[in-house]
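Working notes, structure below.
The values are calculated or read from the model by the stated rules, or taken from the named source; none is laboratory data. As the structure is a prediction and not an experimental result, all values here were calculated from the model. Cβ: placed from backbone, ideal geometry, glycine included. Neighbour counts: every protein chain shown. Protein only, heavy atoms only, side chains kept; ligands, DNA and RNA dropped before computing areas. Shrake-Rupley method; radii C 1.70, N 1.55, O 1.52, S 1.80 Å.
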Amino acid sequence: RMFDFGSANPEQRQAVIETEGPLLIIAGPGTGKTFTLVKRIAYLVVKRHIKPDEIMVVTFTEKAAKELLTRISNEFIKHDVNINMNEMYIGTFHSVCLRLLKEYSEYAGQRKKSRMLDGFDQAYLVCGNIDSFNRLGGFSRHIPDSLGTWKQSLEICRYVNQMMEELVDLEAMARDKDDDMRFLAKIVVRYKDLLDRNNAMDFSSIQTEVYELFERYPEVLRDIQNKIRYIMVDEYQDTNFIQESLIFQIAGERKNICVVG
């Protein structure tokens, strides 16, 4: 039967039906990008008969992810399709990565029991252990005492998150001739030790864990590549290096990546 495109214009229809290979959608505010993504997901399931667990859709805020889930559910109701939305990989990058870690927990080692830290928890943990960072050579020069303990902790977290999200080579940084590079490497290593001692994981390390999981166990990556066949990324301009790397890894040779920016 005919697929219901609703009020989609010709450009939106094209974005919906172009399902194979890489696709870049450039859309300004208010041009119906969420509407188009929802129609595209429905098209994959209704017309292409793609299973829900073969689709991954990532966005950047919990609010956007919840709105997307609601609109997709309503779209399937309109098409009289009954599926389990929990099977679809929909959410923020962090929530999707956390789900993958849980699904492959036998490979993830001790991390499967880790407690999760949000931004405040992360800074609070660093603040409570600021002395261990203070002992690093050059600490007061790079992160002055005049900031106060809490702002020092926030600055450490800012450095650490940026380094981990850019997948920097810590060993290479530790050998660098530049004092600043060597200091940053020490900060990240000290922070990772702190997480390990507290059996904790923050938002940045969730993504790093998945990346390292793929590196250590290629069979896990192959299994995910065989399962997740279609990837969609909203607000693609906000992706960082590790997120883009994970997208390309999961997409594999199919390259069925649709991004909206």
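The listed residues are E75, E87, E54, and the only one of them that is modelled with pLDDT of 95 or more, closer than 28 Å to Y236 by Cβ and touching a Lys or Arg at 6+ places or on another chain (Cβ under 8 Å) turns out to be E54. Within segment 1-33, if we keep just the residues that are among the polar types (S, T, N, Q) and open to solvent by less than 30 Å² (accessible area, probe 1.4 Å), the residue that is nearest to the chain's Cα centre (by Cα) turns out to be T19.
Okay, residues lined up against (1) outside any helix (DSSP H, G or I); (2) without any contact (Cβ under 8 Å) to a residue 60 or more places away in the chain; (3) open to solvent by less than 70 Å² (accessible area, probe 1.4 Å):
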{"position": "F120", "(1), (2), (3)": "no, yes, no"}
{"position": "V126", "(1), (2), (3)": "no, no, yes"}
{"position": "S132", "(1), (2), (3)": "no, no, yes"}
{"position": "L136", "(1), (2), (3)": "yes, yes, yes"}
{"position": "R141", "(1), (2), (3)": "no, yes, no"}
{"position": "K151", "(1), (2), (3)": "no, yes, no"}
{"position": "Y159", "(1), (2), (3)": "no, yes, yes"}
{"position": "Q162", "(1), (2), (3)": "no, yes, no"}
{"position": "K177", "(1), (2), (3)": "yes, yes, no"}
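Summed over segment 208-261, residues that are of a type in the set (V, I, T), open to solvent by 10 Å² or more (accessible area, probe 1.4 Å) and within 29 Å of A42 (Cβ to Cβ) total 3. Condition first: in contact with a strand residue (DSSP E or B) (Cβ under 8 Å, 6 or more places away or on another chain) and not small (G, A, S). Now tell me which residues in segment 244-259 satisfy that. Within segment 244-259, I247, F248, I250, N256, I257, C258, V259 qualify.
Mind listing just one residue for me: the one in segment 79-104 that is open to solvent by 30 Å² or more (accessible area, probe 1.4 Å) and among the polar types (S, T, N, Q) and, of those, nearest to L213 (Cα to Cα)? Ranking the qualifying residues of segment 79-104, first place goes to S95.
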